[in-house]
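Some notes on the structure that comes next.
Readers should treat all values here as calculations from the given coordinates under stated rules, not as data from a laboratory. The structure presented is a predicted model; accordingly, all values stated were derived computationally and were not measured. When we count neighbours, we look across all protein chains shown, and the Cβ atoms used for this are built from the backbone with ideal geometry, even at glycine.
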């Protein structure tokens, strides 16, 4: 579904990604792990079009998409959830979803129902300003926003970072529910989550792909993965 | 005293019309548009010519003048402002100042350097508590208040307004939701420029009309935006009127010091709340 | 890498001669008086470049200091003492003092804030000399400055004035050249690059910014004092806010962050603003269009292009040299 070939990405003067090549299959949930600074966020940002690669190509469902803008990517079904957990704080939760529904022209009520179905607890907060939500609620709202319309490939950057264990459980539950219906590339440091959800693991080290793990038993080997963090 | 307040409010109203565009352009595009009041000036000159052409139908001429400004501001946005996204502020400053230079010279070319005489189109006064207050000025204030309410509705109720509010906070987030934000920023820019032209058109009859009128009021516009906060709609409204009063009160006791007082206020605000750009 | 005084190479003397020669060459084409004018503007441009090119702060009100220097020295001569050298020193001192005062507030800001607050102060200054201080400054009309002789230095004589200004220019140039290649200069340029990092290294960037502001203001004050002496006249135009665009243009076209660039830009702007209006009626439009072209295409300015072309040629030459 998503093919990345020999990607080089620079950030200012520094080369962050060197000759990255990897593949994501449809319906799979792939995880990107690696140390801070390894280039995981940069890779996601390049896929969604916030950064432009120096060299290399990104092919999605057979089409070359590298260099396109995030707006174009959205229409093809790619969705990005950034690391910073930024919501539209001055707008209510409902309005956040309203904006998410705008480009895909989905009726707002249907979009709101969809988001409420994955996380009913948010219903009480529909008219609250999104800026007043807790970190965990914001993260879930962001995932909810990404699911509006017809998402095909989710790109999520560190969803559980800085969240309480209870909330992390909620998120794992939500993602488990999505497995099979949407493909995803998720950056994570939380290895237990990786164990439970990953179909594949790509390990990034200093801007290069260090390893790819597709074997189920290896995925469950937390100790072995730890050394890469 | 009441006269001073009315006078101050009417100045504040004009300042408000001008500062909205400035504030929005900065809030959305992070570009300081030094050429903002060019549309103000063009609007006024268009008005002057149109009034002469249409034999004095002020309202009609005023509306046309504002409409004329729209394509001009679109061209400025498309070819200059858009290229300045993300640029360092000195370059946006210089480039937009250059646009002003060109624009003012074109105005001088077409209309000449000499100031145009103008007069109050209504010319009637309202008898209020034994004072005669010019209706025209009161009308301007009413229009400003209406505009404020209209903008509030626009930004809080319409989807386009909400998109702009969202983009003000998280532009990339909006882009990643498939919305071409730049298109909406253009709309905001043109809207701001049209409002500046409206301000000019409304103010022209009670002020002087000359090619450099844009520059002097631009600085005041900056002061309003700095005092009120960039991209802050309510703040801009309040600070515009506050500074209008400051000008009126200063003018009463020290006739030429009005503008200087505004700058002193701006400097004081900057000292205690320096903006991080 | 140890930071020490970069050795001032011997070409300091050569460059001074070259500069002096350049200006002298212009004199038969234009007049001595005109070239003196140019040189004064170049001094002002260098002071502006210190702030803008080296420290990265654009001020849209730098003319305030030139005006202050002009009024300071002019008023000194008018009311206190006709000694021109003293007047110049007074002009510099007054401008410097103003820089010290305003600097305390102003250097805390950056970017557009910095540009605008300087603009505001310039505006206030212009207004002050125009109106409230009218009794002393003669408001819009300005006042004449009579210059007495000082030994053999008759400032009334044009060649003497030319020579004096040239010497001032060379002194300022040399001073700034030394300064900008010293550790202080490296500090200023680092602040332009990334101030936060410099602060994290433990340096008091506020102090350095303040010093630079005061220095830039003082040199501008020198230019102002020289203006008063050169024209024998001071009026509010010395502080006109709109004229700031000239020096910005000069530094851009010459190449910001480079003293030679400031000189080239200064002369270029002077030629353009003095002679272009005679041939092209719409010269301000021309100025605006060229500013646009420069900001979108030729960021580095004339000197920048000369420099990079030189580097290119040097690289090509060294390719043939054995490693």
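Tabulated values for the structure
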quantity: Two-site label geometry, residue A:84 and residue C:97: point separation in nm, points 7 Å out along Cα→Cβ; calculated: 4.7 nm
quantity: MRE, 222 nm, helices only [DSSP H, n ≥ 4, -39500 (n - 2.57), over chain B, to nearest 500]; calculated: -25000 deg cm²/dmol
quantity: Extension gain (nm, one decimal) between residue C:181 and residue C:104, 0.36 nm per residue minus Cα-Cα; calculated: 25.2 nm
quantity: Three-way shape call for segment A:40-82 based on the alpha-carbon gyration tensor, with the a/c threshold at 1.5; calculated: oblate
quantity: Computed E for residue B:114/residue B:146 - FRET, C-beta separation, R0 35 angstrom, nearest 0.05; calculated: 0.50
quantity: Label-point gap, in nm, between residue C:157 and residue A:3 - each point 7 angstrom along Cα→Cβ; calculated: 8.6 nm
quantity: Residue mean of other protein chain beta carbons inside 10 Å, C:283-290; calculated: 6
quantity: Förster radius 30 Å - calculated FRET efficiency between residue A:10 and residue B:180, Cβ distance, rounded to 0.05; calculated: 0.70
quantity: Ordering of C:108-121, B:25-38, C:280-293 by packing [mean C-beta count within 10 Å, highest first]; calculated: B:25-38, C:108-121, C:280-293
quantity: Rounded to 10°, Cα long-axis angle of helix B:258-272 versus longest principal axis of chain B; calculated: 30 degrees
quantity: Shape of segment B:1-47, Cα gyration tensor, a/c cut at 1.5; calculated: oblate
quantity: Estimated [θ] at 222 nm from DSSP helical runs (n ≥ 4, -39500 (n - 2.57)) normalised by residues in chain C, nearest 500; calculated: -25000 deg cm²/dmol
quantity: Kirkwood hydrodynamic radius of segment B:2-272, from inverse mean 1/r over distinct Cα pairs, in Å; calculated: 19.0 Å
quantity: 29 Å tail of the calculated P(r), chain A, as % of Cα pairs; calculated: 25 percent
quantity: Tilt relative to chain C, helix C:63-79 - C-alpha long axis, 0 to 90 degrees, to 10; calculated: 40 degrees
quantity: Segment C:13-167, Rg to Rh (Cα coordinates; Rh as Kirkwood inverse mean 1/r); calculated: 1.00
quantity: Chain A: calculated mean residue ellipticity at 222 nm from DSSP helix runs of at least 4, using -39500 (n - 2.57); calculated: -10000 deg cm²/dmol
quantity: Compactness index (Cα Rg / 2.2 N^0.38 Å), segment C:100-252; calculated: 1.24
quantity: For the protein assembly as shown, share of DSSP beta bridges that run antiparallel, in % to the nearest 5; calculated: 60 percent
quantity: Residue B:88 versus residue A:124: modelled label distance in nm, points set 7 Å from Cα along the beta carbon direction; calculated: 5.2 nm
quantity: Long-range tail of P(r) for segment C:225-310 (Cα pairs > 15 Å, %); calculated: 64 percent
quantity: Peptides C:56-64, A:124-132, A:150-158 ordered by average Cβ neighbours within 10 Å, highest first; calculated: C:56-64, A:150-158, A:124-132
quantity: Most mobile of B:97, B:53, B:189 in a GNM of chain B (Cα contacts under 10 Å); calculated: B:53
quantity: Using a Förster distance of 60 Å, the FRET efficiency for residue B:158-residue C:171 (Cβ separation, nearest 0.05); calculated: 0.40
quantity: Protection-proxy order for peptides A:43-49, C:22-28, each taking the mean of Cβ atoms within 10 Å per residue, highest first; calculated: A:43-49, C:22-28
quantity: Among C:38, C:127, C:162, residue whose mean-square fluctuation peaks in a GNM of chain C (springs only between Cα atoms under 10 Å); calculated: C:127
quantity: Antiparallel bridges, percent of DSSP beta bridges restricted to segment A:76-197 (to nearest 5); calculated: 10 percent
quantity: Global form of segment B:135-180, assessed from the alpha-carbon gyration tensor, a/c cut-off 1.5; calculated: prolate
quantity: Beta bridges by DSSP in chain A, antiparallel share as percent, to the nearest 5; calculated: 50 percent
quantity: Estimated translational D of the protein assembly as shown in µm²/s (Stokes, Kirkwood radius over Cα pairs; 37 °C; 0.692 mPa s); calculated: 108 µm²/s
quantity: Between 0 and 90°, nearest 10: helix A:93-104 axis offset from chain A longest Cα axis; calculated: 60 degrees
quantity: Average partner coverage of A:63-74, which counts Cβ from other chains inside 10 Å; calculated: 3
quantity: Peptide A:96-106 - average C-beta neighbours from other chains (10 Å radius); calculated: 4
quantity: Stokes-Einstein diffusion coefficient of chain C, Kirkwood radius over Cα pairs, 4 °C, 1.567 mPa s, in µm²/s; calculated: 63 µm²/s
